[in-house]
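The values are calculated or read from the model by the stated rules, or taken from the named source; none is laboratory data. Source: prediction; values computed, not measured. Positions of Cβ are backbone-derived with ideal geometry, glycine not excepted, and every protein chain shown enters the neighbour counts.
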Amino acid sequence: MYKPQLPTDNIYKFMSLAGLTLIILTAFFYLLFVFEMVTKVAQLEHLSNKLVAEADIDHSESKKRRLTTEEYLRRADKIQQEISLLKGKNEGYSRLLENLTYLGLLGLVLSSWGFQLWYYRVQIYQDQKLKHEVETLASNLKPTYQPLVKRSQNVR
C-alpha cells in the first residue's frame, strides 16, 4: 500500500510543510473548541432558564405544599454549582483558544519563511539548471544538414 511521505530531502521544504501542518491542525482544533464553547454556553443558558422556571413553579407550589426556604436554597445552590462549573470550563477553553491562535501564527510564519527560503535558495537554481539542460538537449537535436536550396530555372 502506498503511503505518502513528506519530502525531507530539503530542510526548507520540511519547514514549510511543517508550518502548513501546524496551520491545518490549529484550524481543526480551534473549530472543535469553539463548537464545545457554544455547546457549553447553550447548556449554561438552559440551566439559568431552568432555575428561573423552577423558582416560578416552586412559588406556585409553595402555596400548596408550603416548601421551605431551605429547599429553595438547596435547589438554587445545586444549579448555581453547575453554572459555575460550566463557566470554569469556558474560561479554560478561552485560554486554550488563545494558545491555539499563537500556534497558528507560528505555523503561518514557519511555512511562509520555509517557502521563501526554499524558492530563493533552492528552486531558482534548480529551474535554471533544468532550463540549461533542456536548451542543451534541444541544441543537440537540431538537424546537422542544410535544407536543399532550389536551383534556379535559368540553367544554361
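Laid out as a table, the results:
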item: Hits in the stretch 24-78 (condition: β-branched (Val, Ile, Thr) and at pLDDT below 75); result: VAL52, ILE57, THR68, THR69
item: Matching entry among TYR30, TYR2 (being exposed (fewer than 14 other Cβ atoms within 10 Å of the Cβ) and either touching a Cys at 6+ places or on another chain (Cβ under 8 Å) or more than 15 Å from LEU86 (Cα to Cα) (or both)); result: TYR2
item: Count of the stretch 91-142 residues which are under 27 Å from PHE29 (Cα atoms) and either in contact with a strand residue (DSSP E or B) (Cβ under 7 Å, 6 or more places away or on another chain) or among the small types (Gly, Ala, Ser) (or both); result: 7
item: Some residue of the stretch 79-101 being modelled with pLDDT of 75 or more and within 22 Å of LEU17 (Cβ to Cβ); result: yes
item: VAL122 being modelled with pLDDT of 90 or more and either in a helix (DSSP H, G or I) or of a type in the set (Lys, Arg) (or both); result: no
